[in-house]
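J.: Pasting a structure below so you can have a look.
The values are calculated or read from the model by the stated rules, or taken from the named source; none is laboratory data. Just so we're clear, the structure is a prediction, and the values are computed from it rather than from any experiment. Cβ placement follows ideal geometry from the backbone for every residue including glycine, while neighbour counts extend to all protein chains displayed.
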Amino acid sequence: MKNKILTYGIWVVLIGLLAGICIAIYMFNKPKRDISNTKPEYTVSAEQLLTEFTKNEQAANAKYLSASGGKVIQVSGIIAETDQKGDTTLNISLKGLSDSKRINCSMEKTEIPGARSLKAGDKVSIKGECTGYLDITNEVSMVRCIYEK
């Protein structure tokens, strides 16, 4: 009787472990959303987006975020600075309400060659996935961004 319970328990643990491994492999290999072919749910200015997050972060999160991640939005504004690290990372900061409040846009790897020519002071429109407001850095974060020409 004791051996039967032990054998049954081992099988349950093995099946659970196998299911967990399969889910992890699926999530790791899950295809990313193609931002360039996705219509933005909202089109806003950098100032408007920052105002919404600083006035009522919960309402802005409900509007710009979803349970499965950020919603695709298009933000227009003036570049405060660009930060490129090697050939794989380019972050563009859009001016906000003040020098300390900005929108940080992490560009898609495929967009880096075209966006290298952008500089501080340029007016741009960037489409990407909003991931929320960071209190520590006073910025709205966007990922998988593309430069809309």
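J.: Determine whether TYR133 is aromatic (Phe, Trp, Tyr) and closer than 21 Å to LYS32 by Cα.
T.: It is false that TYR133 is aromatic (Phe, Trp, Tyr) and closer than 21 Å to LYS32 by Cα.
J.: Considering every residue within the stretch 3-14, establish whether at least one is in contact with a strand residue (DSSP E or B) (Cβ under 6 Å, 6 or more places away or on another chain) and surrounded by 10 or more Cβ atoms within 10 Å (Cβ to Cβ).
T.: no
J.: Can you give me the number of residues within the stretch 15-31 that are surrounded by 10 or more Cβ atoms within 10 Å (Cβ to Cβ) and not in a helix (DSSP H, G or I)?
T.: Counting residues in the stretch 15-31 that are surrounded by 10 or more Cβ atoms within 10 Å (Cβ to Cβ) and not in a helix (DSSP H, G or I) gives 0.
J.: Determine, yes or no, whether GLY70 is within 18 Å of ILE146 (Cα to Cα) and loosely packed, with under 15 Cβ neighbours inside 10 Å.
T.: No.
J.: If you don't mind, another one. Here's a check for you: in the stretch 106-139, which residue that is modelled with pLDDT under 90 and of a type in the set (A, V, I, L, M) is nearest to LYS95 (Cα to Cα)?
T.: ALA120
J.: Given the criteria among the acidic types (Asp, Glu), in the same structural domain as CYS130 (by TED's automatic domain parsing) and free of Cβ contacts under 8 Å to residues at least 12 places away in the same chain, does ASP99 qualify?
T.: no
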